[in-house]
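Below is one structure, written out as structure tokens, with a few remarks after it.
Every read-out reported here was derived from the displayed coordinates using simple, explicitly stated rules and does not represent laboratory data. Computed from a prediction, not measured in an experiment: that's the story for all the values here.
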Amino acid sequence: MYQGRNIRPPFFEIGPKSYLFGSQILELAKAADAAAMKYDIDVIFTTPFADIRMVAEATKRLFVFAPHMDAIAIGRGLADILPESMKAAGAEGVMLNHVEKPLQYSILQKTIKRAKELGLQTIAIADTIEEAKAIALLAPTAMTAEQSELIGSGNLSNRDYIVSSTSAIKSVNPDILVLQAAGIKNERDVYNMIFAGAEATGTSSAVGKAPVPGEMAARMIQAVREAWDARHQ
């Protein structure tokens, strides 16, 4: 059972994928950490495996997540991602079932169970409404609803998808946090997504490919706060 810090809405997820590495990741993480504290926004930082320890030790407010893990036990498993080693490096959670690293449902079920055994939070990705409802049965900490064809396209999910996918997940398990992503390209998109009713949003390429990634991340985190406050006035 998870006994660490709880992620609170509104929150933001940054997944630099392989756009950045090494000192670039560290610079981005520090900028996101500062913005998270300034605007009181929880930020999931989905860190490349090699940089988990570096980011975890250099930041205070970020929720450091790994981009994947394997549901293996201690022992054999050359080149597999051992959950215990990931946690020991400083990860508080893991992202699962991304379109670039999809998992069969049975494997996803085992992996979420394995994460829970170690007290790791999970954020699982779903594409269709039907898939979202099925994954919600596994009770991950959070879910990202994103239409795969929109990832990296610069086009946002429409309001109907935002409302229907969020409602579908909450109807199965109201405790699951729901992040709406795909197509986020700037802080205006972040604002619009949160204002439209999302509990959270996130980005990869818009930050990873920005001229100054840390500045883009800070503007987006600020937009989360401003949209959430405007929505609840």
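Dividing the helix sum by the residues of the chain, where each DSSP H run of 4 or more adds -39500 (n - 2.57), gives a mean residue ellipticity at 222 nm of -12500 deg cm²/dmol. Amide H to amide H distances under 5 Å link residue 138 with no residue, where only residues 5 or more positions off or on other chains count and H is placed in the peptide plane.
Each distinct pair of alpha carbons in the chain adds a 1/r term; the inverse of their mean, the Kirkwood radius, is 17.4 Å.
Coupling constants for the range 128-137 follow from the phi torsions by the Karplus curve (6.51 cos²θ - 1.76 cosθ + 1.60, θ = phi - 60°), and in residue order they are 7, 4, 4, 5, 4, 5, 5, 5, 4, 4 Hz; glycine and proline get x.
Which of the pairs 17/101; 87/170; 87/116; 38/185; 87/185 have their Cα atoms more than 20 Å apart in this structure? As for pairs spanning more than 20 Å Cα to Cα, those are 87/170; 38/185; 87/185. Using the Cα coordinates of the range 54-109, the gyration tensor eigenvalues translate into equivalent-ellipsoid semi-axes of 22, 15, 8 Å, sorted from longest to shortest. Residues in the range 206-219 carry Karplus couplings, in order, of 5, 8, x, 9, 5, x, 10, x, x, 5, 5, 4, 5, 5 Hz; the curve used is 6.51 cos²θ - 1.76 cosθ + 1.60 with θ = phi - 60°, and Gly or Pro positions show x.
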